[in-house]
Amino acid sequence: MNNKFIKCSLLIYVFIGSQPLFSQKINQSYVVETIKMPEGLTAETGAVEFFPDGRLVACFTRGEVMTYNELSKEWKLFASGLHDPLGILVVSNSEILIMQRPELTRVKDTDDDGIADVYEKVTDAFGLSGNYHEFNYGPIMDKDANLLIALNSSSGGGSIRSEVRGQINPLGREEGSKGQMFSNLPYRGWMMKLTKNGKLQPFASGFRSPNGIGFDLEGNLFATDNQGDWIGTSPLHHVKEGKFYGHPGSLVWQKDWNRGNPFLLAPEILDSMRTRAAVLFPHGIIANSPTQPICDDTGGKFGPFSGQLIIGEMNKERIVRVMLERIDGELQGACIPFLDGNGLRKGNNRMVFAPDGSLWIGQNAHGWLGDQGIQRIVYTGKKPADIYKMNLTETGFDLTFTSPLEVSSASNPENYQFRHYYYKYHNKYGSDQYDIQNVPITDIKISNDLKTISLKLAFLKPGYVYELNLGDIKTSSGEPLNNKLICYTLNKLKPSIP
Amino acid sequence: MRPSIKLFFLLSAFLSFTVVYAQSTTDSIRNIKIDALVGLQFDLIRFVVKPGEKLNLVFSNSDDMSHNLLITKPGSRLEVVNEALKLGERGPQLNYIPNSPNVLWAIPIVNPNQTRSLSFIAPKQEGVYPYVCTIPGHGMVMFGAMYVNSNGMLPDLKNDTNIPVNRRNDDASILGISHSQHRSVKTKPLHPYVPVSPYFYRVFIDGASPAAIAVSLTSDLSYCWDAGTCKLRFAWTGGFLDNSELWKGKGDVSAKVVGQVFFRDKTLFPLSFSPDKAVSKLDYKGFRLINQFPEFHYTMNGIDVFELILPTADGKGLVRIFRIPDVKNRVWFNTDSQDGVNYISSHGIWQENRFRLSANEAKKFSITMYMKEGGLR
């Protein structure tokens with residue numbers, strides 16, 4: 001039966017294999033399953049989470065919050081009428097926090113009929129102009145029980161309504177500009193912290209469209225952002241309190257800001273103020289619209305990448321994986337496709353690990369490129385042949401694989417094609433790749449356990465992305481690699497040990 | 001060509017061919033404008049030129065993502081789209097323009113609110129030349145067709161397989177799209193359940209702050225309570241909301257009121273704790289559903305206020321039940337003679353368009369609002 005299935009899949013692969021859209025090879029380590037959605041639901045998914053009792057809870061563009069019992073395959077309505085909900089934090093089996101346009105709301109079922117009857121404001125202490133791009137993200141809870149939310153900047157493709165919530169500051173928008181995102185109302189473009197006593201405080205600024213925030217196992221806070229003005233290519237930021245992450249409009253809401261319209265500051269000044277991204281997702285190569293970073297906390301139930309970050313992508317049938325390391329005190333690292341195709345759809349907006357360790361994915365489009373519905377990815381238990389991690393050395397990179405490699409293919413320098421390039425920080429929409437150069441390998445070593453390849457590069461430059469394309473490398477059991485493309489964001493060189 | 005197709009073209013020539021141009025000379029340069037719109041589409045999905053005509057194609061981008069435009073040999077759109085995909089990580093630096101004999105002309109990536117143009121001479125060979133955006137994911141839906149022929153004719157739009165399916169219903173303008181989508185919104189269910197009044201939507205709606213709550217009390221009676229200003233803003237009869245534009249999610253749009261507004265609040269604030277109508281410090285707290293009707297909760301100068309709005313028994317007016325359990329002093333309920341309704345209060349004394357209530361009366365009272373003769377001015 002299993003064999004038959006695989007044969008059948010291979011046959012399909014042969015037929016459609018000539019079309020690159022579907023040409024990803026069959027991944028035998030992860031299987032994509034599609035969840036049947038209730039009839040009549042426009043399943044543009046804003047969030048997916050799990051209740052302690054194991055039910056899934058999901059919210060959708062038209063304001064529905066629904067629960068799903070996997071055993072009975074039954075969908076039930078929990079709440080409705082919300083405005084563009086894009087985040088859920090589960091409190092108990094009958095209570096959730098939900099981030100919608102106007103506020104963070106506590107939604108509760110207090111009479112145990114399975115339907116919410118209380119919609120309490122948790123916070124609405126931020127500006128709201130009615131601009132279509134003012135999406136709100138989160139909440140997520142830190143280890144001290146503070147909540148974090150992120151507020152999208154407003155779109156230059158839209159405007160602000162005649163009646164707004166909050167005090168308008170005209171300096172948060174470039175005069176006469178049409179394209180650039182802006183921040184005319186308090187804290188658009190900020191990540192905010194809601195303290196346990198209910199006070200909403202500005203936390204970090206410079207975000208354009210941070211459609212995804214999350215923690216890793218150590219409690220480091222991350223946010224993705226979307227390529228556009230001031231964002232040369234989409235980044236993953238390691239977010240720290242008080243830092244500025246590059247999009248200028250939000251700066252007007254910085255405490256004691258006295259430098260006028262931030263769009264009028266020289267790019268070099270803004271550049272010196274900003275904190276660079278921990279990881280860049282090269283546009284058109286790794287991701288065009290990354291979403292939620294979720295840390296694999298399944299302890300191996302989801303495969304060998306425990307502790308690493310998994311990140312959704314809207315524009316492709318792809319999920320991305322990120323591996324980080326601390327260099328000279330700061331996190332930086334590499335991104336690699338985790339899963340391409342194999343039945344996965346586009347629009348991978350929100351993710352959550354189920355109690356059984358499978359990864360559930362809510363899909364969305366919302367007028368952009370994307371999809372609808374919910375899928376889940378199940379680890380089959382067959383260890384993927386893949387790069388486990390990529391580490392910077394003083395002279396190049398160490399690549400560690402999930403399995404021992406076949407020596408002759410792994411020690412052939414031809415099988416490691418490096419190039420580097422950088423992206424400009426400027427007000428233009430996105431950035432080209434600059435100074436694209438192939439980087440020759442000057443030395444190659446393989447570890448005793450045949451799992452780690454040490455590559456020496458002809459040169460290493462900070463501020464560049466190092467893109468590596470692997471050739472036909474196989475594991476010692478003859479298996480080809482799942483992914484052959486990985487991009488390392490080199491912010492800092494590894495300090496030499498004296 | 002199969003006979004049926006021949007017949008179709010012949011028939012179409014009489015019935016529905018559209019003469020798109022009637023130029024007498026090919027010496028002048030003709031401008032063609034194509035704009036990229038929200039939703040992975042070109043505004044112009046087809047046009048017709050003469051063989052050898054001099055053309056200047058101006059490509060603008062009104063979308064908020066980047067696009068390119070490639071003109072391909074007849075019949076090779078999908079092939080070019082796939083060739084662009086195969087560029088892989090080299091796609092961005094090549095503007096997703098594959099080095100292919102199938103690509104006749106190409107306009108590199110145009111970012112939002114930018115414009116690029118291309119001058120070229122139309123092919124001598126008559127035919128249908130596709131144009132397409134080859135950014136990965138775009139090419140399957142974002143395309144159009146340049147018809148090159150000397151008779152200046154186009155096939156019937158409904159049967160034109162050279163343009164995207166969703167653009168075959170109407171004329172070549174963007175209106176065609178919104179019409180067809182509008183139709184489909186009406187036939188598709190709005191939700192996985194049938195909404196039964198009372199129910200609510202939090203929406204952007206004109207006449208309120210962006211933190212509005214719209215409530216359908218009955219199928220014929222609705223109101224908008226504004227969490228941004230803690231008050232009932234307006235009420236209407238005749239239906240509820242059309243959210244079809246709002247739910248698309250992209251672009252500044254509002255929920256549309258279906259029906260006729262009969263009340264619009266014109267006070268600074270309907271409740272005062274002092275005779276001078278001064279507005280207290282307001283803080284919205286939320287609402288709970290009582291038999292599915294929302295009871296709103298906010299504070300005025302820190303004092304809890306609850307407002308539950310029900311339809312009158314005849315369904316033609318609103319009953320607003322206020323509770324201010326901890327109030328210690330007099331309360332005034334303010335109205336405006338121009339707000340479209342008559343008022344009846346369960347308690348208090350009517351004086352200069354206001355009800356004055358004692359602290360005890362204000363702990364719980366109701367205000368009934370009926371449409372005035374002549375309605376809202």
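Taking the alpha-carbon set of the stretch A:104-145, what are its Rg and Dmax in Å?
Looking at the stretch A:104-145, its Cα Rg and Dmax stand at 13.9, 37 Å.
In whole Hz, with x marking every Gly and Pro, tabulate ³J(HN,Hα) for the stretch A:315-325 from phi via Karplus 6.51 cos²θ - 1.76 cosθ + 1.60, θ = phi - 60°.
So the Karplus estimates, Gly and Pro as x, are 8, 10, 7, 8, 10, 10, 10, 10, 10, 10, 8 Hz.
Give me the percent relative contact order of chain A, please, defined on Cα pairs under 8 angstrom at least 6 residues apart.
12 percent
What is the fewest-to-most order of A:Lys73, A:Lys445 by other Cβ atoms lying within 10 Å of their Cβ? Please list the in-between numbers first.
On the way: A:Lys73 9, A:Lys445 12.
Going from sparsest to densest Cβ surroundings: A:Lys73, A:Lys445.
Ranked highest first by average number of other Cβ atoms within 10 Å, how do A:411-421, A:84-94 line up? Mind showing how you got there, number by number?
Working: A:411-421: 17.0, A:84-94: 20.4.
Ranking the peptides A:411-421, A:84-94 by packing returns A:84-94, A:411-421.
Would you mind checking the pairs B:Lys50/B:Lys158; A:Lys199/B:Lys256; A:Lys346/A:Lys484 and listing those with alpha carbons more than 27 angstrom apart? Intermediate values should be presented prior to the final figure.
Numbers: B:Lys50/B:Lys158 23 Å; A:Lys199/B:Lys256 35 Å; A:Lys346/A:Lys484 21 Å.
Over 27 Å Cα-Cα: A:Lys199/B:Lys256.
With a point put 7 Å past each Cα toward its Cβ, work out how far A:Lys36 is from A:Lys424 in nm, to one decimal.
5.4 nm
Taking 7 Å along the Cα-to-C-beta vector as the label spot, tell me the A:Asn69-A:Gln201 distance in nanometres, rounded to one decimal.
Using points 7 Å along Cα→Cβ, the separation is 4.4 nm.
With the calculation restricted to Cα positions, what are the radius of gyration and Dmax of chain B in angstrom?
Calculated on Cα positions, Rg and Dmax stand at 30.3, 90 Å.
Under a 5 Å amide H to amide H cut-off, with H placed in plane at 1.01 Å, what residues pair with A:Leu194 once short-range neighbours are removed?
Correct list: A:Leu147, A:Leu148, A:Ile149, A:Gln201.
Just the number, please: Stokes-Einstein D of the stretch B:199-371 in µm²/s, Kirkwood Rh from C-alpha pairs, 25 °C, 0.890 mPa s. Provide the component values of the computation, followed by the final result.
Details: Rh = 16.4 Å.
In µm²/s, the coefficient is 149.
Equivalent ellipsoid semi-axes for chain A, as square roots of 5 times the alpha carbon gyration tensor eigenvalues: give them largest first, rounded to whole Å. Working shown, then result.
Numbers: eigenvalues 266, 187, 73 Å².
Each semi-axis is the square root of five times an eigenvalue, giving 36, 31, 19 Å.
What's the angle, to the nearest 10 degrees (0 to 90), between helix B:3-15's Cα axis and the longest principal axis of chain B?
In chain B, helix B:3-15 runs at an angle near 60 degrees to the longest axis.
List the aspartates and glutamates whose Cα sits under 17 Å from the Cα of B:Lys328, skipping any in the same chain fewer than 8 residues away.
B:Asp304, B:Glu361
Whole-Å semi-axes of the protein assembly as shown's equivalent ellipsoid, largest first, each the root of 5 times a Cα gyration tensor eigenvalue? Intermediate results must be reported in sequence, preceding the final value.
Values: eigenvalues 482, 266, 139 Å².
Ellipsoid semi-axes (Å, largest first): 49, 36, 26.
Kindly put A:Ile473, B:Ile321 in sequence by how many other C-beta atoms sit within 10 Å of each C-beta, fewest to most. Let's see the in-between values first.
Details: A:Ile473 22, B:Ile321 18.
Ordered from fewest to most neighbouring Cβ atoms within 10 Å, A:Ile473, B:Ile321 come out as B:Ile321, A:Ile473.
Could you run the Debye sum over the Cα atoms of the stretch B:20-164, one equal point scatterer each and no solvent, and tell me log10 of I(q)/I(0) at q = 0.12, 0.14, 0.19 Å⁻¹, two decimals?
For the stretch B:20-164, the Cα-only Debye profile gives -0.45, -0.62, -1.14.
Ratio to report: Rg/Rh of the stretch A:387-490, with Cα atoms as the point set and Rh obtained by the Kirkwood method; give two decimals.
Details: Rg = 14.6 Å, Rh = 14.4 Å.
Checking Rg against Rh, the ratio lands at 1.02.
Helix B:174-187 versus the longest principal axis of chain B: what angle, 0 to 90°, nearest 10, using Cα atoms?
Around 50 degrees separate the two axes.
Around A:Gly127, which amide H atoms from residues at least 5 apart in sequence, or from another chain, sit under 5 Å from its own amide H, with H modelled in the peptide plane?
Excluding prolines and chain starts, which carry no amide H, the hits are A:Arg188.
Calculate the length of the line joining the C-alpha centroid of the stretch A:302-323 to that of the stretch A:79-106, in whole Å.
25 Å
From the gyration tensor of the Cα coordinates in the stretch A:139-278, what semi-axes in whole Å does the equivalent ellipsoid have, largest first, with each one equal to sqrt(5λ)? Walk me through the intermediate numbers first.
On the way: eigenvalues 113, 62, 38 Å².
Working through the eigenvalues yields semi-axes of 24, 18, 14 Å.
Lysines near A:Lys428 by alpha-carbon distance under 19 Å, same-chain residues fewer than 8 away left out - which ones?
A:Lys178
Counting DSSP beta bridges in the protein assembly as shown, what percent are antiparallel, to the nearest 5? Could the numbers behind the result be given before it?
Details: 215 of 229 bridges.
Once the DSSP bridges in the protein assembly as shown are tallied, antiparallel ones form about 95 percent.
Relative contact order for the stretch A:192-267 using alpha-carbon pairs under 8 Å, separation at least 6, rounded to a whole percent? Walk me through the numbers on the way to the answer.
Working: 117 pairs, mean separation 19.8, N = 76.
Relative contact order, the stretch A:192-267: 26 percent.
For chain B, what does the relative contact order come out to in percent, with C-alpha contacts under 8 Å and a separation of six or more? Before the final figure, lay out the partial values.
Working: 817 pairs, mean separation 39.3, N = 377.
Value for chain B: 10 percent.
For the cross-link pairs A:Lys301/A:Lys383; B:Lys316/B:Lys363; A:Lys383/A:Lys445; B:Lys231/B:Lys281, which exceed 18 Å when the distance is taken from alpha carbon to alpha carbon? Kindly include the intermediate steps, with their values, before the conclusion.
Values: A:Lys301/A:Lys383 11 Å; B:Lys316/B:Lys363 26 Å; A:Lys383/A:Lys445 24 Å; B:Lys231/B:Lys281 13 Å.
Checking Cα-Cα distances, B:Lys316/B:Lys363; A:Lys383/A:Lys445 exceed 18 Å.
Given a Förster distance of 30 Å, report the FRET efficiency between A:Ile115 and B:Glu89 from their Cβ-Cβ distance, rounded to the nearest 0.05.
Details: r = 49 Å, r/R0 = 1.64.
Taking R0 as 30 Å, the efficiency between A:Ile115 and B:Glu89 is 0.05.
Work out the P(r) tail for the stretch A:350-418: percent of alpha carbon pairs separated by more than 18 Å, whole number. Working shown, then result.
Working: 1470 of 2346 pairs.
Counting every Cα pair in the stretch A:350-418, those more than 18 Å apart make up 63 percent.
Which distance in Å, rounded to a whole number, links the C-alpha centroids of the stretch B:255-304 and the stretch A:250-276?
39 Å
By count of other Cβ within 10 Å, fewest leading, how are B:Arg90, A:Arg326, A:Arg321, A:Arg62 ordered?
Values: B:Arg90 15, A:Arg326 12, A:Arg321 20, A:Arg62 24.
Going from sparsest to densest Cβ surroundings: A:Arg326, B:Arg90, A:Arg321, A:Arg62.
On a C-alpha basis, how far is the centre of the stretch A:367-423 from the centre of the stretch B:194-213 in Å? Whole number, if you could?
48 Å
Given 10 Å bins starting at zero, what is the percent of C-alpha pairs of the stretch A:449-498 in each, up to the one with the largest pair distance?
In order of increasing distance, the bins hold 18, 44, 28, 10, 0 percent.
Every number in this text was worked out from the coordinates using simple rules, so none of it is lab data. Given the structure is predicted, the values throughout are model-derived calculations rather than measurements. Don't worry about glycine lacking a Cβ; one is built from the backbone with ideal geometry, like all the others, and counts go over all protein chains shown.
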